[in-house]
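Here the structure comes first, spelled out in structure tokens, and everything after it is commentary.
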Amino acid sequence: MKSKRILSLILAGVMGATLFAGCSKKGDDKVEVKNKGAAVEKLEGNLASKNPIQQTIHLHSYNRLIYKDEWPVFKKAAEITNVSLKGAAPQSATNSEQVFNIMMASGDLPDIVVTERENFFKYGPEGAFVPLNELIDKYAPNYKKYLESNPNIKKFTTSPDGKIYSINFVPDGEAAEGYFIRQDWLDKLNLKVPTTVNEYYEVLKAFREKDPNGNGKKDEIPFIDRAKGKKTTQLCSLWGAYDAWYAKDGKVIYGPMDEAYKTAMINISKWYKEGLIDPEAFTRGANARNILFENNTGGSTHDWFATTALFNDSLKTKVPGFSVQPIAPPADVNGKVWEITSRPMMNKTGWGISKSNKNPEATMRYFDFWWSEEGRRLMNFGIEGQTYDMVNGKPIFKDSILKTTKTVTQELEAIGAQIQVGFHQDFSYEEQWMNPVAKQGAKMYIDKKYIVPEFPLLSYTTEEQKVINEKGTSIDTLIKEQTQKWILGAESVETTWDKYISTLKNMGVNDLIKVQQTAYDNFNKAK
Ligand code: CA
């Protein structure tokens, strides 16, 4: 017996399930892979079908992104593959989830459906979507190869019934956030870039004490937090601690219960008390960087590469000499240099083949086209000669894409490129318009392998989800509140730590750990 596993993210998929139960009775019209066992016919180049065919697609994502029949990128793909797509989702509707549910309830499914993983996990085993494993084996050599070298993506898209129902969007570029420091302040105080937690402390201390902005006032705020305490809490990595779930040698651990977290709290509260962290770290909010860089009082932060680096451009005239530069994470107390944040390696959105599809073989060949070199370039960069040119073997965007009033992402989306269907993003698409400082920072974190592997997105049984809902939320809240009290010095870490741990146990934290461990083991068992 297999219990039905659902994603943590849908708590109330119940409605959709009952809706679909009505239409799956219509007949057992599951599509079989044609010519089972027979040799696979080779088609020329990237052809997905010998003769031109049209298939329908449901693509209505993020309450705004709807498939357009006139998208040049998909038209180009049709020329290459012989498969053209026709959008089936209503252009005027704005609620993607509702549009999806209505479609499922109608039982009238387009050939291809774009939706989130939990929907494939739920409706796939019920028969609404075709299992793709055999189709991938036979007709998707590019994607098959990708899965073989990326087993985590295979695990991520394998439903609890052991089958794959979707090919998902795979983001690229693992770097998210990094440490930044005021290089002009370091220069002014004749200090070196800090490389360890102790050196970082000394630098922040000097920023606080030695008037690097030169106005004669002790108004410097060495460390900026624009996420209401989250960035401050994440400084815990400098003492080897995690602020969330992580795994070590197959064991799932809740970071905020570690001894290392206790040590981190003791030290961060000391930093706070000494004025090294913004006194308003927990309240200032999203504009903290803008405010403190603009008035020339902010010294260092831990934040996104792209947006932080942009201050070098935007403040050029306002704050003469302003220079905020990415630095390697200071080595933690154990001497390890590591970055606690990462960009997700997996995305929930993907496309699958519905039970109504009369030619799943062509669809799979078409899906696979997007994993070929030509298809991947088309989806990442658009159309050669129009949006990019090949320079020394690399696609380089034209100024007509880079230098407009819209963002590059908007320009690309308008022609049907970078649409979140089953394709592998190429970070070099983004690199071309990142500020050089941001690019250098992200590259350093990736090349030097500072970023620790992310804790995977797990899926849970209904019972496990219940435990998370009932206990997880209140436990998270308690940890957040206690962390804040410690950092702000409202309570002493040493005298309240044991009580904190026993409270967590009374609240059922061990049940939560058990749930995570089981889900994590299942994730690792999946082939
Ligand atoms: Ca000052």
Relative contact order of the chain (C-alpha contacts under 8 Å, at least 6 apart) in percent is 22 percent
Going by average Cβ density within 10 Å per residue, which order do the peptides 40-46, 55-61, 272-278 take, highest to lowest? 55-61, 272-278, 40-46
When the expected Rg is taken as 2.2 N^0.38 Å, what fraction or multiple of it is the alpha-carbon Rg of segment 413-458? 1.48
Cα centroid of segment 279-345 to Cα centroid of segment 99-131, whole Å: 43 Å
Give a quick list of trypsin sites (Lys or Arg not before Pro) in segment 149-241 that DSSP marks as loop, anything other than H, G, I, E or B, with at most 10 other Cβ atoms within 10 Å. 192, 217, 218
What's the center-to-center distance, using Cα atoms, between segment 433-474 and segment 378-426 in Å? 27 Å
Using alpha carbon coordinates only, what is the Rg to Rh ratio of segment 88-134, with Rh defined as the Kirkwood radius? 0.97
Taking just the alpha-carbon atoms of segment 217-333, what radius of gyration and Dmax come out, in angstrom? 15.7, 52
Sorted from largest to smallest, which semi-axis lengths in Å does the alpha carbon gyration tensor of segment 271-391 give for its equivalent ellipsoid, taking the root of 5 times each eigenvalue? 45, 22, 15
Report, by chain and number, residues whose modeled amide H sits under 5 Å from the one on residue 173, excluding near sequence neighbours (fewer than 5 apart, same chain). 427
If I model a spin label as a point 7 Å beyond the Cα along the Cα-Cβ vector, how far apart are those points for residue 404 and residue 244 in nm? 3.4 nm
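Could you work out the helix-only [θ] at 222 nm for the chain, with each DSSP H run of four or more residues adding -39,500 (n - 2.57) and the total divided by the number of residues, to the nearest 500 deg cm²/dmol?
Result for the chain, helices only: -11500 deg cm²/dmol.
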Gained length - residue 196 relative to residue 490, 0.36 nm times residue gap less alpha-carbon distance: 103.0 nm
Euclidean distance of C-alpha centroids, segment 57-86 and segment 500-527, integer Å: 42 Å
Using a 1.4 Å probe, how large is the accessible area of residue 343, given in Å² and rounded to the nearest 10? 50 Å²
Solvent accessible area, Å² - residue 310, 1.4 Å probe, full protein context: 90 Å²
If you line up the long axis of helix 473-488 against the longest principal axis of the chain, both from Cα atoms, how many degrees apart are they, to the nearest 10? 20 degrees
Working from the pairwise distances between different alpha carbons, so that the mean of 1/r is found and then inverted, what is the chain's Kirkwood radius in Å? 25.7 Å
Whichever aspartates and glutamates have a C-alpha closer than 13 Å to that of residue 192, once near sequence neighbours (fewer than 8 apart) are set aside: 184, 202
Can you check what the net charge comes to around residue 62, using other residues whose Cβ is under 14 Å from the Cβ of residue 62 (Lys, Arg +1; Asp, Glu -1)? -1
What number, in percent, do you get for the relative contact order of segment 237-341 if the mean sequence gap of Cα pairs under 8 Å and at least 6 apart is divided by its residue count? 28 percent
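Over all pairs of distinct alpha carbons, what does the Kirkwood formula give as the hydrodynamic radius of segment 385-432, in Å?
Its Kirkwood hydrodynamic radius stands at 11.5 Å.
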Principal-axis tilt of helix 360-369 within the chain, Cα atoms, nearest 10 degrees: 40 degrees
Could you estimate the translational diffusion coefficient of segment 140-253 from the Stokes-Einstein equation, with Rh from the Kirkwood formula over C-alpha pairs, at 25 °C and 0.890 mPa s, in whole µm²/s? 131 µm²/s
Shape parameters for segment 139-186, alpha-carbon atoms, Rg then Dmax in Å: 18.4, 58
Total formal charge among the other residues, if their Cβ is under 11 angstrom from that of residue 480, Lys/Arg +1 and Asp/Glu -1: 0
Sequence-distant lysines (8 or more away, or on other chains) whose Cα lies within less than 22 Å of residue 76: 42, 50, 68, 86, 394, 398
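Based on the alpha-carbon set only, what is the convex hull volume of segment 412-510 divided per residue, in Å³?
226 Å³
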What percentage of all Cα-Cα pairs in segment 81-174 are separated by more than 17 Å? 58 percent
Per residue value of the accessible surface for the chain (all protein chains in place, 1.4 Å probe), Å²: 46 Å²
Shape category assigned to segment 316-468 from the gyration tensor of Cα positions, a/c cut at 1.5: oblate
Extended-chain gain in nm, criterion 0.36 nm per residue less alpha-carbon gap, residue 343 and residue 317: 6.1 nm
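The values are calculated or read from the model by the stated rules, or taken from the named source; none is laboratory data. Please read these numbers as outputs of a predicted model, since none were measured by experiment. For neighbour counting, all protein chains shown are included, and Cβ atoms are generated from backbone atoms with ideal geometry for every residue, glycine included. Ligands, DNA and RNA are stripped out before the accessible areas are found, and what is left, the full protein with its side chains, is counted by its heavy atoms. Shrake-Rupley method; radii C 1.70, N 1.55, O 1.52, S 1.80 Å.
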